[in-house]
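The values are calculated or read from the model by the stated rules, or taken from the named source; none is laboratory data. What you see is a predicted model; the values in this text were computed from it and never measured. Backbone-built Cβ (ideal geometry, glycine too); neighbour counts: all protein chains shown.
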Amino acid sequence: MTERVPSGVRNVAIVGPYLSGKTTLLESLLFVTGTITRKGSIKEGNTVSDSSAEARDRQMSVEVSAATTRYEDIRFTFLDCPGSVEFIQETYSALIGAGAAVVVCEPEVNRVLTLAPLFKFLDDWEIPHLVFINKMDRSKNSFMEVLNALKTVSSRPLVPHQYPIRQGEEPIGFIDLVSEQAFHYHPGAPADPVPMPEELKDAEQAARQEMLEELANFDDRLLEELLEDIDPPQEEIVADLKMELSADLIVPVFMGIAEQDYGVRHLLDALVREAPAPSATVERRGLKLPANDPVAQVIKTYYTPQGGKLSLVRVWQGEITDSMSLNGVRVGGMYRMMGQQTESVQRAGAGELVALSRMEGIFTGDTLTRDNGKPKIELPKVEPIPAVFSLAITPEKRSDEVKISAAMSKLLEEDPALSWAQHGDTHEIILWGQGEIHLKVGLDRLRRKYNLPMKTHVPHIPYKETIRKTTARVHGRYKHQSGGHGQFGDVYLDIQPLPRGEGFNFSEKIVGGVVPKQYIPGVETGVREYLEQGPLGFPVVDVAVTLVDGSHHSVDSSEQAFKQAARLAMQEGMTQCQPALLEPIASVEISAPSDFTSNMMQLISGRRGQILGYEPMSDWKGWDRLSAYIPQSEMQDLIVELRSLTMGVGFFNWEFDHLQEVPDKLAERVLAMYAEENGNGK
């Protein structure tokens, strides 16, 4: 007997803060739909998502996991997204391929601020989303208090879909505000309909009226009915909910206890009725797709031990088949995913999420079409989030250095929020990311997947040095005799400081050919080589050196000899120029809720920072952006303290701005530390 194909497709991202219960909700969704017969738990490490070793080690989501199930003749693909702010790039990349999102949160008024960046992203990208208030059995606040708090972090109106029924402090059911039917929860079974509790009728009517009034803001007919005290029919309310959710005009709010499957079936029913179809998502996003051509987009890249590279794609239009060529690359296999398990399929239509294997040269965010090279269209994609935390890394085995580049390329394909570079001054390999856990997960992957264990340390600060005073006519003579031709070079140099940021300048004022022209390049080379490590042990900047005099020998002089003479002159003269230590200063923009602005100012001041100003963010109500200069040496754990002070939601962008003299007492400590690390320095 041929298996019946579902008549509809929905893909839904499950998002929310760390510990809100997203993975538990997914387990419940898969269980009540019959896809799994036993729910896993995070503690036991046997959930469908969070199946990677890195996730199980930390008992938290560290990457997007996909799982497909069926319910009411709809094929649902759920994307369980990380909640930690350090892995938010994963969540954002997945969301652009989702038709809708379920925002999972705890019923804690004091924690709703952690949802602010997520709501901002959903609203900016106009992604329809619902709220599922989880862990209602642990609530310390009333439902309406939680609802009102949630409204403060959403630019879309929140519409209650349910009202809780409690027995003392224990939630025992809910009232559906659409049908006005009350239900009681039952372990392991659907909620039973029960009579409306008399004591809740007034509260239910107030909540229902709030729902209807929000819907009426987008429906003139419903508004007229409310003004005339006409009770709208249930079908009309459902149609309004579907229309306004699909257009990302409202945010319906549900509740439950995912661990016990309470409220999960009602959430599923709402997704069947109200979540937008794939065609509605294309229309809402205003995507201009080429006619009669399959179009897909990569939302996540995996490197698996068994299947190699897998590209999880959202099919936006048309149909993709196994062995089809996309962007000139032949599809090596097509699969539906269930955590790390895969099921082979032959075709996938619009709206589906499937994994394509062996798509070499294809990256997260790429648009895929039948074109043989770069596609004619480029769908919008999430740009990498600027890095805010770094570690210097070195292979535990020196012989593994040749493996770094290839392994890093694959690591960054899986996680575009990571980046790496070899620093030109410190010569360290620096791994950049969103926090310490983020980098440690990346390092775990290097060790497990690519057999490349790493040692780490805090990156060195690329200090430089300069001079404060001028020294004239410093003398350097190099004379060496060892049989045959000797070596002779003789120079006089003027050394003077330049304004900050001017770099290095070399000139000559030779008269009468006392230093022949062919040897002058050797003098400049000697000066430049010396400046790579000045008297304090760091590269020298903002210095001008002038060759003013010298002498040569007709036989023994050479460019090499004059290079050595110049080095000797610099060694002699630079110590007389009052060398000074310089540190890099970053231009930093910190964004945080206005309630924390004073905390941000104290944070900056406490790190030797200079506050340049602050202003309200024009595109984010209730948030401020502060501008400041902060020494790079004070920024290693800046993101850690910033998140601690702002409930995890504050963030910053930065770039190198200028060099600045280090205060004398601090310079003494830096130089002492440098001397100890380098065997008393130069």
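Going through Glu360, Glu343 one at a time, which residue ends up being in a strand (DSSP E or B), among the charged types (D, E, K, R) and surrounded by fewer than 16 Cβ atoms within 10 Å (Cβ to Cβ)?
After applying the criteria, what remains is Glu343.
Can you find, within region 5-38, the residue that is farthest from Gly339 (Cα to Cα) among those that are of a type in the set (Gly, Ala, Ser) and either over 28 Å from the mean Cα position of the chain (by Cα) or outside any loop (DSSP other than H, G, I, E, B) (or both)? I'd like the intermediate steps shown before the answer.
Within region 5-38, the subset of a type in the set (Gly, Ala, Ser) is 7-8, 13, 16, 20-21, 28, 34.
Subsequent filtering for residues that are either over 28 Å from the mean Cα position of the chain (by Cα) or outside any loop (DSSP other than H, G, I, E, B) (or both) retains 7-8, 13, 28, 34.
Numbers: Ser7: 24, Gly8: 22, Ala13: 14, Ser28: 15, Gly34: 16 Å.
Checking each candidate, the answer is Ser7.
I need the full set of residues from region 462-495 which are more than 21 Å from Ala544 (Cβ to Cβ) and surrounded by fewer than 18 Cβ atoms within 10 Å (Cβ to Cβ), in order please.
Answer for region 462-495, where residues must be more than 21 Å from Ala544 (Cβ to Cβ) and surrounded by fewer than 18 Cβ atoms within 10 Å (Cβ to Cβ): Arg477, Lys479, His480, Gln481, Ser482, Gly483, Gly484, His485, Gly486.
The conditions are (1) touching a Gly at 6+ places or on another chain (Cβ under 9 Å); (2) in contact (Cβ under 8 Å) with a residue 60 or more places away in the chain, and Val251 fails exactly one of them. Which is it?
In the conditions (1) touching a Gly at 6+ places or on another chain (Cβ under 9 Å); (2) in contact (Cβ under 8 Å) with a residue 60 or more places away in the chain, Val251 misses (1) alone.
Taking only pairs six or more apart or across chains, which ones have beta-carbon atoms under 9 Å, a first residue in region 476-504 that is under 20 Å from Val527 (Cβ atoms), and a second residue that is modelled with pLDDT of 90 or more and surrounded by fewer than 11 Cβ atoms within 10 Å (Cβ to Cβ)?
Asp494/Lys509; Pro497/Arg468
Output the residues belonging to region 527-568 that are closer than 18 Å to Pro499 by Cα and in contact with a Ser or Thr (Cβ under 7 Å, 6 or more places away or on another chain).
Val540, Val541, Asp542, Val543, Thr546
Of (1) at positive phi; (2) modelled with pLDDT of 95 or more, Ile520 satisfies all except one. Which?
(1)
Would you be able to tell me the number of residues in region 424-458 that are among the hydrophobic types (A, V, I, L, M, F, W, C), buried (at least 18 other Cβ atoms within 10 Å of the Cβ) and not in a helix (DSSP H, G or I)?
Total meeting the criteria: 5.
Could you tell me which of the residues Phe121, Phe87 is modelled with pLDDT of 95 or more, surrounded by fewer than 24 Cβ atoms within 10 Å (Cβ to Cβ) and more than 21 Å from Arg273 (Cα to Cα)?
Phe121
Only one of (1) under 16 Å from Lys479 (Cβ atoms); (2) touching a helix residue (DSSP H, G or I) at 6+ places or on another chain (Cβ under 6 Å); (3) not polar (S, T, N, Q) is not met by Val555, so which one is it?
Among (1) under 16 Å from Lys479 (Cβ atoms); (2) touching a helix residue (DSSP H, G or I) at 6+ places or on another chain (Cβ under 6 Å); (3) not polar (S, T, N, Q), the lone unmet condition for Val555 is (2).
Could you please give the count of residues in region 267-286 that are of a type outside the set (A, V, I, L, M, F, W, C), buried (at least 19 other Cβ atoms within 10 Å of the Cβ) and not in a loop (DSSP other than H, G, I, E, B)?
Counting residues in region 267-286 that are of a type outside the set (A, V, I, L, M, F, W, C), buried (at least 19 other Cβ atoms within 10 Å of the Cβ) and not in a loop (DSSP other than H, G, I, E, B) gives 3.
Each row is one residue, and each column tells you yes or no for (1) in a strand (DSSP E or B); (2) touching a Lys or Arg at 6+ places or on another chain (Cβ under 7 Å).
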position: Ile127; (1), (2): no, no
position: Tyr163; (1), (2): yes, no
position: Ser179; (1), (2): no, no
position: Phe183; (1), (2): yes, no
position: Pro190; (1), (2): yes, yes
position: Ala207; (1), (2): no, no
position: Arg221; (1), (2): no, no
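Touching a helix residue (DSSP H, G or I) at 6+ places or on another chain (Cβ under 7 Å) and in contact (Cβ under 8 Å) with a residue 40 or more places away in the chain, is that true of Gly40? Spell out the reasoning first.
Values: touching a helix residue (DSSP H, G or I) at 6+ places or on another chain (Cβ under 7 Å): yes; in contact (Cβ under 8 Å) with a residue 40 or more places away in the chain: no.
Criteria not met by Gly40.
Go over the candidates Leu271, Leu289 one by one and state the one that is among the hydrophobic types (A, V, I, L, M, F, W, C) and farther than 23 Å from Ser154 by Cα.
Testing whether each residue is among the hydrophobic types (A, V, I, L, M, F, W, C) and farther than 23 Å from Ser154 by Cα leaves just Leu289.
For region 486-596, which strands (runs of 3 or more DSSP E) that fit wholly inside it have 2 or more residues that are closer than 30 Å to Pro117 by Cα?
579-593
Identify, from the list Ala421, Ala417, the residue that is under 16 Å from the mean Cα position of the chain (by Cα) and under 24 Å from Ile88 (Cβ atoms).
Of Ala421, Ala417, the one residue that is under 16 Å from the mean Cα position of the chain (by Cα) and under 24 Å from Ile88 (Cβ atoms) is Ala417.
Run Lys621 past the list (1) modelled with pLDDT of 95 or more; (2) more than 26 Å from Ser390 (Cα to Cα); (3) of a type in the set (Lys, Arg) and report the number of the one that doesn't hold.
Result: Lys621 fails condition (1) only.
I'm trying to understand the selection: among the residues of region 597-639, which are among the hydroxyl-bearing types (Ser, Thr, Tyr), assigned to a strand (DSSP E or B) and out of contact with any helix residue (DSSP H, G or I) (no Cβ under 8 Å at 6 or more places or on another chain)?
Ser627, Tyr629
Mind checking which residues of region 318-340 are assigned to a strand (DSSP E or B) and of a type in the set (D, E, K, R)? Please lay out each step first, then the result.
If we filter region 318-340 for residues that are assigned to a strand (DSSP E or B), which is where we start, we get 320-321, 325-326, 329-330, 334-338.
Selection gives Arg330, Arg336.
Quick test for you: out of Ala189, Ala239, pick the one residue that is under 29 Å from Gly286 (Cα atoms), out of contact with any Asp or Glu (no Cβ under 8 Å at 6 or more places or on another chain) and surrounded by fewer than 20 Cβ atoms within 10 Å (Cβ to Cβ).
Residue meeting the stated conditions: Ala239.
Filter region 287-317 down to the residues that are assigned to a loop (DSSP other than H, G, I, E, B) and either in contact with a helix residue (DSSP H, G or I) (Cβ under 6 Å, 6 or more places away or on another chain) or closer than 16 Å to Val354 by Cβ (or both) and list them by number.
Matches in region 287-317: Pro294, Gly307.
Do we have Glu214 as surrounded by fewer than 20 Cβ atoms within 10 Å (Cβ to Cβ) and in a helix (DSSP H, G or I) here?
no
Determine if region 388-410 includes at least one residue that is closer than 30 Å to Glu283 by Cα, surrounded by 18 or more Cβ atoms within 10 Å (Cβ to Cβ) and modelled with pLDDT of 95 or more. Let's see the steps before the verdict.
Taking region 388-410 as the starting set, the residues that turn out to be closer than 30 Å to Glu283 by Cα are none.
No: zero hits.
With among the polar types (S, T, N, Q), within 26 Å of Met617 (Cβ to Cβ) and under 19 Å from the mean Cα position of the chain (by Cα) as the only criterion, which of Ser84, Ser65 stands out?
Of the residues listed, the single one that is among the polar types (S, T, N, Q), within 26 Å of Met617 (Cβ to Cβ) and under 19 Å from the mean Cα position of the chain (by Cα) is Ser84.
Identify the single condition in (1) touching a helix residue (DSSP H, G or I) at 6+ places or on another chain (Cβ under 8 Å); (2) in contact (Cβ under 8 Å) with a residue 40 or more places away in the chain that Met338 does not satisfy, given that it satisfies every other one.
Answer for Met338: the failing condition is (1).
Being over 19 Å from the mean Cα position of the chain (by Cα) and closer than 21 Å to Gln434 by Cβ is the filter here, so list the residues in region 626-657 that pass it. Steps first, please.
So the first thing to find is which residues in region 626-657 are over 19 Å from the mean Cα position of the chain (by Cα), and the list is 626-634, 645, 656-657.
If the condition is that a residue be over 19 Å from the mean Cα position of the chain (by Cα) and closer than 21 Å to Gln434 by Cβ, then Leu626, Ala628, Ile630, Gln632, Ser633, Glu634, Leu645, Phe656 are the ones that fit.
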